Amino acid sequence: MNSRSKPDLESTFRCWQIDIVVADGFVLLEVAAIVDALRVANRIIAQPPFSWTYRSAKGGMIESRCEAFVNSQPFVDRPTADYAFVIGNSDPDTPALSLPGLISAYTYRNAQVFLLAEAASRYIQDRGDKGVHLSTHWENSALLRERSGLFEAGTALASEDGPVVTCAGMGATVDVVLSVMGRHISPAALVTVANVLLHDNIRDFSTRQPFGGARGTATGDTDLDHCIRIMQDNIEDPLPISELVAQVGISARSLERKFKTSFATTPNSFYREMRLSKANNLLLNTSLSVQEIGLACGFPSGFSGQYKAQFGLTPLVVRKRRRSGGQGATPDPEIGE
């Protein structure tokens, strides 16, 4: 577990302040992971060791993508918090995640800053060559590779860059918060917090992210997992089935039987749907053009037709709908093509 110091006598009686930085469209799961862990720690320890404040550019009510709100205080020029967590956002391109001045304001006063998911991506992008080994959510790593050629963006849960820690975010936020807690509460108390959260294994920062192409899908079938990993690694330039079976080392008929048994589909259909799912994510959460998205997902031509066949709407209609406040690719008979 990463830590800068072990719990000491001062830590026992001190209240540590955490600022949670949010912007409209913030990821509620990440906020809940932080606040619930802190809340549980305060509940089980006689003298509550943690306090927190929501912060935003202007203060006031800030809305998550799933329509939950938090009441925030505005940024201050001289923050006094010991830690700051910048929450990821449903829009990775939002200017609200570009916060070099705010990050410096915290680190200048010896606070440690944790950047989650999209906030980490923005920091990595701003760092250029100096940030290529840092961590963000694996989906954001893929986007960085598409946009900037940052092929080495890490797959660890978190990476330290001096007083700044870039993190995968999402569910791994619990691990990061527990790691911070371990600096200020006893090991027994930390285990109790993890148990209350039903978090049976506190993962180290260096733990690789699951499901990001670096690990298998845990279907229970080694050959099937191997094949899916190869598919994940070859989204932009899809491999023919003949090449897949050659790399896996089984026959085409055997591979088809495995996909039919586990997923009730064919290898080709599974591969195509995987690529379209990535395309849909890029369409809804980036500013890449439809043509760029098609190329990034292995559709040099015919992308719009394949997308409509899968989701019931063309990419342009889905993007227009999202920008006007819709919720993704659910077909709507009242919207024309």
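The values are calculated or read from the model by the stated rules, or taken from the named source; none is laboratory data. Values in this document were obtained by computation on a predicted structure and should not be read as measured data. We place every Cβ from the backbone using ideal geometry, glycine too, and count neighbours over all the protein chains shown. What goes into the accessible areas is simple: the full protein's heavy atoms, side chains included, and nothing from ligands, DNA or RNA. Shrake-Rupley method; radii C 1.70, N 1.55, O 1.52, S 1.80 Å.
R0 = 41 Å: FRET efficiency of Val191 with Arg323, Cβ-based, nearest 0.05? Before the final figure, lay out the partial values.
Details: r = 46 Å, r/R0 = 1.13.
The value I calculate is 0.35.
With unit charges on the beta carbon (Lys/Arg positive, Asp/Glu negative), name the residue among Val245, Ser277, Val21 whose Cα is farthest towards the positive pole of the charge dipole of the chain.
Highest projection toward the positive end goes to Val21.
Go through His226, His133 and list them by solvent-accessible area, largest first, probe radius 1.4 Å.
Values: His226 60, His133 125 Å².
If we order His226, His133 from most to least accessible, we get His133, His226.
Given the options Ala117, Leu97, Asn71, identify the residue whose Cα lies farthest towards the positive end of the charge dipole of the stretch 16-197 (+1 on Cβ of Lys, Arg; -1 on Cβ of Asp, Glu).
Projecting each Cα onto the dipole axis, the largest value belongs to Asn71.
Multiply the residue separation of Ser287 and Asp36 by 0.36 nm, subtract the distance between their alpha-carbon atoms, and state the gained length in nm to one decimal. Don't skip to the end; give the middle numbers.
Working: separation 251, 0.36 × 251 = 90.36 nm, distance 3.32 nm.
Gain in length upon complete extension: 87.0 nm.
Which pairs break 32 Å Cα to Cα here: Lys258/Lys320; Lys58/Lys278; Lys258/Lys308? Can you show the working numbers first?
On the way: Lys258/Lys320 39 Å; Lys58/Lys278 34 Å; Lys258/Lys308 28 Å.
Pairs exceeding 32 Å: Lys258/Lys320; Lys58/Lys278.
Thr53 to Leu239: FRET efficiency via 1/(1 + (r/R0)^6), r the Cβ-Cβ distance, R0 45 Å, to the nearest 0.05? Don't skip to the answer; put the middle values down first.
Working: r = 50 Å, r/R0 = 1.12.
For R0 = 45 Å, the calculated efficiency reads 0.35.
Using only DSSP helix segments of four residues or longer, with each worth -39500 (n - 2.57), what per-residue ellipticity at 222 nm results for the chain after dividing by its residue count and rounding to 500? Each step should come with its number before you reach the end.
Numbers: 14 runs with 147 residues, N = 337.
Using -39500 (n - 2.57) per qualifying helix, the result is -13000 deg cm²/dmol.
Nearest 20 debye, what's the magnitude of the dipole of the chain about its Cα centre given +1 on Lys and Arg Cβ and -1 on Asp and Glu Cβ? List each step's numbers first, then the result.
Values: 33 positive and 36 negative charges, 40 e Å.
Taking the Cα centre of the chain as origin, the dipole is about 200 debye.
Nothing charged except the Cβ atoms of Lys and Arg (+1) and of Asp and Glu (-1): what's the magnitude of the dipole of the stretch 1-140 about its Cα centre? Round to the nearest 20 debye.
Numbers: 13 positive and 16 negative charges, 105 e Å.
Here the size comes out at about 500 debye.
What are the semi-axes of the equivalent ellipsoid for the chain, taken as the square roots of 5 times the Cα gyration tensor eigenvalues, largest first, in whole Å? Walk me through the numbers on the way to the answer.
Details: eigenvalues 298, 119, 65 Å².
Three semi-axes, in Å: 39, 24, 18.
HN-Hα J couplings of the stretch 192-201 from phi, Karplus 6.51/-1.76/1.60, θ = phi - 60°, integer Hz, Gly and Pro as x?
5, 4, 4, 5, 4, 7, 6, 9, 7, 8
Could you please state how large a percent of the accessible area of the stretch 16-197 is carbon and sulfur, counting protein chains only and using a 1.4 Å probe?
On the way: 3880 of 7380 Å².
Within the stretch 16-197, the accessible surface is 53 percent carbon and sulfur.
Taking +1 at the Cβ of each Lys and Arg and -1 at the Cβ of each Asp and Glu, which of Thr266, Ser304, Val318 sits farthest along the dipole of the stretch 222-323 towards its positive end, judged by Cα position relative to the Cα centre?
The Cα lying farthest towards the positive end belongs to Val318.
Using the Cα centre as the reference, give the magnitude of the dipole from point charges on the C-beta atoms of the stretch 222-323 (Lys, Arg: +1; Asp, Glu: -1; all else neutral), rounded to the nearest 20 debye. Before the final figure, lay out each step's value.
Values: 14 positive and 9 negative charges, 129 e Å.
For the stretch 222-323, the charge dipole is close to 620 debye.
Where Rh is the Kirkwood radius over the Cα pairs of the stretch 22-159, the temperature 20 °C and the viscosity 1.002 mPa s, what D in µm²/s does Stokes-Einstein return? Mind showing how you got there, number by number?
Values: Rh = 15.8 Å.
For these conditions, the coefficient is 135 µm²/s.
Could you please put Leu316, Leu198, Leu239 in sequence from largest to smallest accessible area, using a 1.4 Å probe? Each step should come with its number before you reach the end.
Details: Leu316 125, Leu198 155, Leu239 40 Å².
Result of the area sort, largest leading: Leu198, Leu316, Leu239.
Treating each Cα of the stretch 222-323 as an identical point scatterer and ignoring solvent, apply the Debye formula and state log10 I(q)/I(0) at q = 0.17 Å⁻¹.
-0.77
Antiparallel as a % of all DSSP beta bridges within the chain, to the nearest 5?
On the way: 10 of 32 bridges.
Bridges in the chain are about 30 percent antiparallel.
Per residue, what accessible area does the chain have, given a 1.4 Å probe and all protein chains present, in Å²? Kindly include the intermediate steps, with their values, before the conclusion.
On the way: 16420 Å² over 337 residues.
I get 49 Å² per residue for the chain.
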